[in-house]
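Quick note: the coordinates plus some simple rules give every number you see, no bench work behind them. Because the structure is a prediction, the values reported are computed rather than measured. When we count neighbours, we look across all protein chains shown, and the Cβ atoms used for this are built from the backbone with ideal geometry, even at glycine.
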């Protein structure tokens, strides 16, 4: 059994959003912006090299689609540097995007061709309302799936695809969805993959779906808990999105509360 707290960072925490958006749009940078971008790449490299030197995996968080290509490119560059022997740098794939499963497949092919391990954290997604509103306002097709069922389909397809390419990908399934966790566990068994394979991790937010995390770890699976930190004004919206996501899973919130009450009673009697 293995578990750890998973550190991650947002590129917008060390860079101007507008700079990332300009690069993402393939716009020409000014001289000062080129210097700014060079410094940003140095910061990202410093974080990833520090993780490599310490032997601790580091996660790069996913953000809005109109800056995500820039983030993806930075992440892949870091993986080519530091993911040769083991997975240190992980990028985040939001499967509520229509194109993300295809892009994940392309990145796995790239890892196989260039001889590095693709670190991939799979999540459903966090910016649905913002993405759809912007697409409507600027008159382009929304990159977000039309229905939750399509997101669930692509998330579960991505889990299965990754498990069939473990020689070149390290997977972290970031989900509070019980069905997706069961699918991952069942597929691990079907493919005769060791439960504690270093390329397979479950992940949940600290304080959320702890019943899933505890029981998976108790059964010998690798589990990590991730902890958001930063200024309150930046962290609270993130936690609200996660709470809404968790609430959307039928019955899970009430079940978690009942389990907490049950555990408190058990401890009082112990």
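Scanning the range 10-62 for residues that are exposed (fewer than 14 other Cβ atoms within 10 Å of the Cβ), touching a helix residue (DSSP H, G or I) at 6+ places or on another chain (Cβ under 8 Å) and without any contact (Cβ under 8 Å) to a residue 24 or more places away in the chain gives 16, 29. Note on the range 168-185: residues that are within 25 Å of residue 114 (Cβ to Cβ) and touching a helix residue (DSSP H, G or I) at 6+ places or on another chain (Cβ under 8 Å) amount to 4.
Selection of the range 41-75 for residues being within 16 Å of residue 9 (Cβ to Cβ) and touching a strand residue (DSSP E or B) at 6+ places or on another chain (Cβ under 7 Å) yields 47, 48, 51, 57, 58, 59, 60, 61, 62, 71, 72, 75.
Does the range 123-130 include one or more residues that are surrounded by fewer than 16 Cβ atoms within 10 Å (Cβ to Cβ) and more than 22 Å from residue 7 (Cα to Cα)? Looking for residues that are surrounded by fewer than 16 Cβ atoms within 10 Å (Cβ to Cβ) and more than 22 Å from residue 7 (Cα to Cα), one finds at least one in the range 123-130, hence yes. Applying the criterion of being surrounded by 14 or more Cβ atoms within 10 Å (Cβ to Cβ) and without any contact (Cβ under 8 Å) to a residue 40 or more places away in the chain to the residues of the range 91-113, the residue that is farthest from residue 78 (Cα to Cα) is 94.
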